[in-house]
Amino acid sequence: MVIKYPLSTEKAIRLMESENKLIFIVDRKDKKPEIRSEIEKMFNIKVTSINTLIDRDGKKKAIVTLSNDNLALDVATNLGLM
C-alpha cells in the first residue's frame, strides 16, 4: 500500500483551502508516479503535481496538487478530515 494516511495539521488544512493541495504520509520506497496513480485511482480525481519530502522523523510526505476540477476540501470531507 502506497498511502499510509492523510495529514490533518493546521498547515495541511490551510493548503487545502488556499492552494487546493492535500498532504499524505506515504511509504518511503514509493516514487512519484506510483503515488500519483494510487491517489487518482483511490479517490477518482486528477492530480496536477506531486512534491515529496522526508521529514526529520523519517516519514515521507507527499504534497499533492489537485486539478481545478477537483476540490481538496471535498476529498478531505470524504476522508473524514473536515
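Since every read-out is calculated from the coordinates, none of them should be taken as a lab result. All figures in this text were calculated on a predicted structure; none of them were measured in a lab. Don't worry about glycine lacking a Cβ; one is built from the backbone with ideal geometry, like all the others, and counts go over all protein chains shown.
If you go through the stretch 23-55 and keep only what is of a type in the set (D, E) and within 20 Å of S8 (Cα to Cα), you end up with D27, E38, E40, D55. State whether one or more residues within the stretch 11-28 are within 11 Å of the chain's Cα centre (by Cα), in a strand (DSSP E or B) and among the aromatic types (F, W, Y). Scanning the stretch 11-28, I find at least one residue that is within 11 Å of the chain's Cα centre (by Cα), in a strand (DSSP E or B) and among the aromatic types (F, W, Y), so the answer is yes.
Selection of first residues in the stretch 46-59 that are in contact (Cβ under 8 Å) with a residue 12 or more places away in the chain and of second residues that are among the small types (G, A, S) and part of a strand (DSSP E or B), restricted to Cβ pairs under 9 Å at least 6 apart or on distinct chains, gives the following pairs, ordered by first then second residue: I50/A62; N51/A62; T52/A62. The set of residues in the stretch 56-77 being within 16 Å of I3 (Cα to Cα) and not in a strand (DSSP E or B) consists of G58, K59, V75, A76. State whether one or more residues within the stretch 19-33 are touching a Pro at 6+ places or on another chain (Cβ under 9 Å), aliphatic (A, V, I, L, M) and touching a residue at least 60 places away in the same chain (Cβ under 8 Å). Taking every residue of the stretch 19-33 in turn, none turns out to be touching a Pro at 6+ places or on another chain (Cβ under 9 Å), aliphatic (A, V, I, L, M) and touching a residue at least 60 places away in the same chain (Cβ under 8 Å). Among the residues making up the stretch 10-39, those that are within 12 Å of A76 (Cα to Cα) and either among the aliphatic types (A, V, I, L, M) or exposed (fewer than 11 other Cβ atoms within 10 Å of the Cβ) (or both) are A12, I13, L15, M16, L22, I23.
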